[in-house]
Structure formats: structure tokens, C-alpha cells
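J.: Handing you this structure, nothing more for now.
The values are calculated or read from the model by the stated rules, or taken from the named source; none is laboratory data. Just so it is clear, the model here is predicted, and its values are computed rather than measured. Cβ placement follows ideal geometry from the backbone for every residue including glycine, while neighbour counts extend to all protein chains displayed. These area figures cover heavy atoms from the full protein model, side chains too; ligands, DNA and RNA do not enter into them. Shrake-Rupley method; radii C 1.70, N 1.55, O 1.52, S 1.80 Å.
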Amino acid sequence: MNQKRFIILLTLLIFFLIHVDKTHGSCYPIGVRKDCDKEWDGANIIDASWVPGAPILNITTYVPDGGNGPNYPEAFGHFTFGNDQVKHRFLKKPIFVNDHHCTYTSPDEKNPYVSYWPHDGSLRPAPGTWVGIWLAIYWRCNRLDGHIPKKVQCCHKNVFKNIYVNQ
Ligand SMILES: *[C@@H]1O[C@H](CO)[C@@H](O)[C@H](O)[C@H]1NC(C)=O
């Protein structure tokens, strides 16, 4: 009886781990690093606009170098925009961006980093309105946490920018 229960629990645990692994991909960023002070002040959204006539947000992020070599924006999370009229969430859990993969820094990573985020056309902010953008920026994602599923330790900062939609 006890052994049966143990086997059932073990099976459930394995299915749970497989599910977590699938929803996160093979590795994912976590913003737990504390050795980020130098870059922290300057990490930000330096520009954001909507592509003229299209429901696509064009966002430029930047992370200063911190003395340990160059830095790049490497993952985004908690990414939303909104005002009184429209609201949209691009991301809740963080994902790697800018050609970064797990702990591997690609030679194609850019800083500043420009990226385009399409969304449902009905949610495009109207020209002549203000929109808030919330984003968690991650950088220095190069340290494995050593657990299953693979967590990649990064620096991170939650930023906010209010922008005027020109067109
Ligand atoms: C996106 O924003 C960047 C930075 O401001 C700008 O250089 C680029 O031309 C923009 N792209 C489009 C398609 O508007």
C-alpha cells in the first residue's frame, strides 16, 4: 500500500517536472544576481514608438557596461503597455531575446537593442495619446543555477516609460 502511494506520487512529480520544463523551454532566465550595481542605474528603455500605421511596438533597450566586459539586454519579462483605453501584456515570464541562448552570449547581441513586438490590431494606441510601458530587462545571463529545469541567473531591473504616440 505504501509502495503504491509512493509510485503514484513519483509519477505525478515526474509529470509535473515535464510540464514545468515544457512551459519554460529547456532553460530560462531568473533575475537573482546582486552584482549589478554599476549597470543598474543606466539600464532602461531609451526609445519606444509604434510602427506607423501598424500594431507593432518598436522598443529600444540599453544596458551600460559594468566593468566586467560589455553588457547586452538578454531577456525580457513582465512586458505590458496600457492606458485608459487599451491594455496588452506581451510577456509575463521572462524569455531570452537579442540572440541570447541560456548562458551563451551570441556575437550577434546588440546594445542598444531594437526589437519589434506585434500585437492585436484592436489594441493599438491611438495617435495623440500617452501610453505607459512596463518591462523587466535582464542582462549578464551567464551563470547556471544548477537545478532542474535549468535556471540562468541574470541581473534584472523593472523599468517604466510613458511615451507619446506620434503616429
Ligand atoms: C525603431 O526604432 C529605432 C530607434 O529609435 C529606429 O532607429 C528605427 O528606425 C525604428 N524602426 C521603424 C521601422 O520605425
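J.: Quick one: dipole size for the chain, taken about the Cα centre, charges +1 on Lys/Arg Cβ and -1 on Asp/Glu Cβ, in debye to the nearest 20.
T.: 780 debye
J.: What is the spin-label model distance, in nm, from ALA54 to HIS119 if the labels are put 7 Å beyond Cα along the C-beta direction?
T.: 1.6 nm
J.: When the expected Rg is taken as 2.2 N^0.38 Å, what fraction or multiple of it is the alpha-carbon Rg of the range 27-164?
T.: Normalised by 2.2 N^0.38 Å, the Cα Rg of the range 27-164 equals 1.07.
J.: Run the helix sum for the chain: -39,500 (n - 2.57) per DSSP H stretch of 4+ residues, divided by residue count, reported at 222 nm to the nearest 500 deg cm²/dmol.
T.: Values: 2 runs with 27 residues, N = 167.
It lands at -5000 deg cm²/dmol.
J.: Related question: Straight-line reach from LYS161: which aspartates and glutamates fall under 14 Å, measuring Cα to Cα and dropping same-chain residues less than 8 apart?
T.: Once the sequence-local aspartates and glutamates are set aside, what remains near LYS161 is ASP47.
J.: Would you mind getting the accessible area per residue of the chain, heavy atoms of the protein chains only, 1.4 Å probe, in Å²? Working shown, then result.
T.: Working: 9860 Å² over 167 residues.
Solvent-accessible surface per residue comes out at 59 Å².
J.: Taking a virtual spin label 7 Å from the Cα of THR129 along the C-beta vector, which residues in the range 64-105 bring their backbone nitrogen under 11 Å of it?
T.: So the set is 82-88.
J.: Considering only protein heavy atoms and a probe of 1.4 Å, how much of the accessible area of the chain is carbon and sulfur, as a whole percent? Could you put the intermediate results ahead of the total?
T.: On the way: 5680 of 9860 Å².
Roughly 58 percent of what the probe reaches on the chain is carbon or sulfur.
J.: Next question. Past the 28 Å Cα-Cα mark, which pairs from LYS110/LYS157; LYS38/LYS92; LYS4/LYS93; LYS92/LYS150; LYS38/LYS110?
T.: Those over the limit are LYS4/LYS93.
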